Amino acid sequence: MPQDTIRNFSIIAHIDHGKSTLSDRLIQKCGMVTDRQFKDQLLDSMDIERERGITIKSQTICLPYKAKDGKLYSLNLVDTPGHVDFSYEVSRALSSCEGALLLIDAAQGVEAQTLANLYLAMDYDLEIIPVINKIDLPSADPESVAMQIEEDLGLEAEHIQLCSAKTGEGVDDILEAIVKYLPPPKGDADAPLQALIFDANYDSFRGTIISCRIINGRIKAGDTMLFMANKISYKVDEVGLFGLVRQPRKELRAGEVGYILAGIKTVTDTKPGDTITLKDAPASEPLPGFKEIQQVVFSSIYPISTDEYENLASAMEKLTLNDASLTYQKDSSTALGFGFRCGFLGLLHLEVIQERLEREFDIPLILTVPSVCYHFHLEDGTMKEIDNPAYFPDPSTISRTEEPFIKATIHIPERYMGSVMTLCMERRGENTHYHYPMPGRIEFTCEVPLAEVIYDFYDRLKSITQGYGSFDYKLIDYRKSDLVKLDILVNGERVDALSQLVYRANARQRGLHACERLKEEIPRQMFKIAIQGAIGGTIISRTTIAALRKDVTAKCYGGDISRKRKLLEKQKAGKKRMKTVGNVDIPQKAFLAVLKSEER
Amino acid sequence: MPPSFIKDPAGNAGDKKATIYLHIPFCKSKCHYCSFNSYAGRTNEIGDYFKALNSQMRDMAAQPWSQNRSFFSLYIGGGTPTICDSALLADLIKNCLRLFHFTDHPEITVETNPNTISTEKLYSLVQTGANRLSIGVQSFSNSLLLSLGRSHTADEAKHAFTMARQAGFTNISMDLMYGLPGQTLQEWRHSLEIATSLDPEHLSLYELMVEEGTPMAAKIKGGGAFLPGEDDVADMEELTASLLAAKGLKRYEISNFAKPVFTSQHNIHYWQNLSWIGMGAGATGSLSGIRMTNVPDPATYIENIRNKQNPYSEMECLCRQSRFRETVIMGLRMIEGIRIDDLEKRFAMGLEAYYGDTLKELTEQKLLEISNGFLRLTAAALTVANQVLARLV
């Protein structure tokens, strides 16, 4: 494939602005699937992704497109995840491209995440084609969105494409625009190999499937490749392009996006952002921008039934094959037995992992209250990084404490300014700034402790802005803090899985909140249950769950026997999904609930 | 097609006695909470339905399984059986008594509701041998009756009871409901007091179960009605227990109260998880552990019987352990409990050996007790029976 007929591009968009639908439509227009095979959102293959409407693992596809100029083009669509937790993955995907479609909902307009991703795309010097989607909606207002794009984002209006991914309207023009406005890849096929890894998936037969962009040079089966950050080398088994199935090729060369197979069993060897070169003729330096993935939220995972530990261990192993951003190590708890301490990219990532473990491996789980990683400087001059409340040092030995801060970018209609400001102040926000990227809308930035963000921040933001607020963040630094360990006692027994490290001034309020939420989540039982929040030996909050007074089926005759038996069996199965601590049955949901706002 | 595959013509020890249930799926109107197999506005099908029902009885009676058993109870339930003509009901009962081997004084129950009976109809039932009447009263509050979609008033209910006595019924039961939207403890006391003042032999008291798909469920979901809270309903149950005990009505099952010797033999047989034949649309029968349910729709039922086709829509055959557990959870509904010796012989399984620590725990928690050879729920466990049964099921 001549280099000038290749176009590498991504689609960047706010969640729900229709990225997956547009991807599917492009695939369909390029004749890769018949209408009958056309399944909504082909690229989002995991159930969870389809249900939540988000892309977690990116997938890439090479679209053959015959343009109006009569030439056959190869359009590589590099899919990117669409959530704040995965912004490093987004950056790797973007740096494999020359251009991007900036997809904006014709009714919603520009959102915080759109901006965040746009800036990211601009950092990589990508050519941007703005696409206004959902023009078929009655509430669509493409004209003012176009104005936003021109005036506020500073993008050229003449390139703007209008489309409805749902109906297919305007999609042909988008394909033409990709060929016309996006530059072909640069790069020298005869230079030493530099290939950028932007994703890795695991296939149980072939090992790791590396998704990469060849920046310079070429690679073929039989070559010995070297991962420049990891200094590990492998012999290449196969290279090829991404169709709906993998299409093997003799070689991949500068400008192309494709895959490499080398029978790699350890997915951590292939780090997104790393550069592949040839061992015998290495490039002088790696491509810029590599960063180790950083886990920011930590929680322990335990099987509800302790005899499921081995199953959980093998499930974790399988899961990390496909998700190198998840880290885990053995952990144990007096209340919950053996489990794993895990690091996640964010709360969404955590919830996705929990769901995948339950769905794909059928293991009922308990996750402990999520925590960030704190720095404790001790009197003896040492520093401890602690992400697990169980290892909170003896308070008398701590000289000072630091916690991670983020810079939050919040995009809201002007009218919510006051309440968002209040929320950020409540969450110990500092250095707030705001400006008007366009009339009526505010971009608000604020430095907030990460711990405050994992504590129901996003839910609260959505609620006070009636869904109009959007949010993006990046980690900035560690700052001085003052922490205490909040313990939860259930009928006098400390439940270590419910302990959390909290900012001292907020401790009482957090304790109350935790007790209230637990009261809602723990069902009435045969006896009264006391729930207490404690710091050290001091009780700071308390609620009581009254004893169950009634649980009996009134009517049961001949025709009801089977049905009533099944109901009791269901009740029995439900009880198995609860963790018994002391003699109290605590449902799974309760463990994460202490961090969340009341559900409505 | 009769169930000739049920081998067991001789019957197991203790399984030689059986009962018969006949289902009449027609009603004058459908109550708002009702999810039973009953249909309003289809009375034109009654004639054909009785033909089909009589035909199924003839087929079943000819089966070796039926021939080798003696029947001590016949129960005609619904729906509202008394919506049908006296002659049809009388014929049905007579046919049943003639076709099957009944014991000398079988219990013969007919379900009814207050505004589908007349003195003549009741008298005709007594003449054919019916000796127990079960009246669906549900409440003695007109506003609650209205909100439940019942087609009768409190006065009609009282009148029906008096008529039944006059016609010669010496064993009358009434159904009442509690935990209704808008019901107060005071109202429940009022309904119970009126009921007991009529001096019935038997009362069945049911907490309202809101079943999905009923108008009641929709109303509650839409915020048009509010169920009383757990504590309010628990208070109603406490009141029931004390009030009825004082009137000589003894609780013998979770929802059932009776004067001495007036317990329902038919229903006790269900709670013992023994065999019965169920006939009619949607009726369930259980023959030596094989449970089968007829198709619910009356027209389909009539059609199948007419074409000599199998009328069953569901069958269930549980393994011995499952039936053992099911027998335990059903038996514990009775205040007296389960005779351990009978249970162990019937299934050739040991109670304590089977349940092990669970049984020990539950007795230690004072939720179960074993005394005089019976396993039963303790008084404290009755209100939270499902918590115990869910561990034994």
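Okay, here's what the table says:
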{"read-out": "Student exercise, the protein assembly as shown dipole from Lys, Arg, Asp, Glu Cβ charges, in Debye to nearest 20", "value": "3500"}
{"read-out": "Probe 1.4 Å, accessible area per residue of the range A:97-244, Å²", "value": "40"}
{"read-out": "Rounded tilt (10° steps) of A:561-576 against the dominant C-alpha axis of chain A", "value": "80"}
{"read-out": "Dimensionless Rg over Rh [chain A; C-alpha; Kirkwood]", "value": "1.00"}
{"read-out": "Rounded to 10°, Cα long-axis angle of helix A:417-426 versus longest principal axis of chain A", "value": "60"}
{"read-out": "Efficiency of FRET between residue B:98 and residue B:68 - r from beta-carbon atoms, R0 22 angstrom, step 0.05", "value": "0.80"}
{"read-out": "Restricting the range A:441-550 to chymotrypsin sites (Phe, Trp or Tyr not before Pro) in coil, as DSSP defines it, with at most 16 other Cβ within 10 Å", "value": "A:468, A:527"}
{"read-out": "Additional length obtainable on full extension of the chain from residue A:266 to residue A:280, 0.36 nm per residue less Cα span", "value": "2.7 nm"}
{"read-out": "Two-site label geometry, residue A:290 and residue B:199: point separation in nm, points 7 Å out along Cα→Cβ", "value": "9.8"}
{"read-out": "Principal-axis tilt of helix A:309-322 within chain A, Cα atoms, nearest 10 degrees", "value": "20"}
{"read-out": "Cα centroid separation, the range A:76-155 to the range A:324-363 (Å)", "value": "32"}
{"read-out": "Size of charge dipole - the range B:282-393 - debye, nearest 20, with Cβ of Lys, Arg +1 and Asp, Glu -1, no other charges", "value": "200"}
{"read-out": "For residues of B:318-326, the mean tally of beta carbons on other chains within 10 Å", "value": "1"}
{"read-out": "Probe 1.4 Å - accessible area at residue B:189, Å² to nearest ten", "value": "100"}
{"read-out": "With all protein chains modelled, accessible area of residue B:339 [1.4 Å, Å²]", "value": "120"}
{"read-out": "Modelled FRET efficiency - R0 60 Å, residue B:16 with residue B:186, Cβ distances, 0.05 increments", "value": "0.75"}
{"read-out": "Dipole magnitude of the range A:495-566, debye to nearest 20 (Cβ charges: Lys/Arg +1, Asp/Glu -1, about Cα centre)", "value": "320"}
{"read-out": "Dipole of chain A, positive end: most advanced residue of A:349, A:290, A:226 [Cβ charges, Cα centre]", "value": "A:349"}
{"read-out": "Helical mean residue ellipticity (222 nm; -39500 (n - 2.57) per DSSP H run of 4+; nearest 500) of chain B", "value": "-12000 deg cm²/dmol"}
{"read-out": "Per-residue ³J(HN,Hα) for the range A:196-208, Karplus 6.51 cos²θ - 1.76 cosθ + 1.60, θ = phi - 60°, Hz, x for Gly and Pro", "value": "9, 7, 10, 6, 8, 10, 10, 10, 5, 8, 9, x, 5"}
{"read-out": "Most fluctuating residue given options B:286, B:322, B:38, as computed from a GNM of chain B linking Cα atoms under 10 Å", "value": "B:322"}
{"read-out": "In Å, descending, principal axis extents of the Cα set of the range B:13-80", "value": "44, 26, 14"}
{"read-out": "Long-range amide H partners of residue A:540 with built H, under 5 Å", "value": "A:533, A:534, A:535"}
{"read-out": "Distance between modelled label sites at residue A:475 and residue B:300, nm, 7 Å Cα→Cβ extension", "value": "6.0"}
{"read-out": "Extension reserve of the residue A:230-residue A:385 stretch, reckoned as 0.36 nm per residue once the Cα distance is removed", "value": "53.3 nm"}
{"read-out": "Highest-MSF residue in chain B out of B:284, B:82, B:358 [GNM, Cα springs under 10 Å]", "value": "B:358"}
{"read-out": "Cysteines (scope chain B) whose Cβ has no counterpart Cys Cβ under 4.7 Å", "value": "B:27, B:84, B:96, B:317, B:319"}
{"read-out": "Over the range B:228-307: Kirkwood hydrodynamic radius from C-alpha pairwise inverse distances, Å", "value": "15.8"}
{"read-out": "Counted charge near residue A:429, where neighbours are those whose Cβ lies closer than 10 Å (Asp, Glu -1; Lys, Arg +1)", "value": "-2"}
{"read-out": "Farthest positive-ward along chain A dipole, Cα basis, beta-carbon charges - from A:389, A:95, A:146", "value": "A:389"}
{"read-out": "Candidates B:366, B:17, B:259: whichever shows maximal mean-square fluctuation once chain B is modelled as a Gaussian network with Cα springs under 10 Å", "value": "B:366"}
{"read-out": "Net charge contributed by nearby residues that have their C-beta within less than 10 Å of residue B:180 (K/R +1, D/E -1)", "value": "-2"}
{"read-out": "Spin-label pair residue A:251/residue B:231, simplified geometry with 7 Å Cα→Cβ offset, distance in nm", "value": "8.1"}
{"read-out": "Within chain B, longest stretch free of exposed GluC sites (Glu not before Pro) [DSSP loop, at most 16 other beta carbons within 10 Å]", "value": "B:1-210"}
{"read-out": "Sequence-distant residues sharing a close amide H with residue A:76 (under 5 Å, placed H)", "value": "A:7, A:8, A:9, A:63"}
{"read-out": "Formal net charge of residues neighbouring residue B:98 (Cβ-Cβ distance under 12 Å; K, R +1; D, E -1)", "value": "+1"}
{"read-out": "Computed E for residue B:242/residue B:321 - FRET, C-beta separation, R0 45 angstrom, nearest 0.05", "value": "0.70"}
{"read-out": "Inter-chain shielding of B:228-237 (mean C-beta neighbours from other protein chains, 10 Å cut-off)", "value": "3"}
{"read-out": "For residue A:229, distant residues with modelled amide H under 5 Å away", "value": "A:275"}
{"read-out": "Between the range B:269-306 and the range B:370-384, the alpha-carbon center distance in angstrom", "value": "31"}
{"read-out": "Three-way shape call for the range B:232-391 based on the alpha-carbon gyration tensor, with the a/c threshold at 1.5", "value": "oblate"}
{"read-out": "Peptide A:568-580, shielding by other chains (average Cβ, 10 Å cutoff)", "value": "3"}
{"read-out": "Solvent-accessible surface (1.4 angstrom probe) belonging to residue A:227, in square angstrom, nearest 10", "value": "0"}
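The values are calculated or read from the model by the stated rules, or taken from the named source; none is laboratory data. Quantities reported herein were computed from a predicted structural model and do not represent experimental measurements. Don't worry about glycine lacking a Cβ; one is built from the backbone with ideal geometry, like all the others, and counts go over all protein chains shown. Quick note on the areas: whole protein, heavy atoms, side chains included, nothing else; ligands and nucleic acids left out. Shrake-Rupley method; radii C 1.70, N 1.55, O 1.52, S 1.80 Å.
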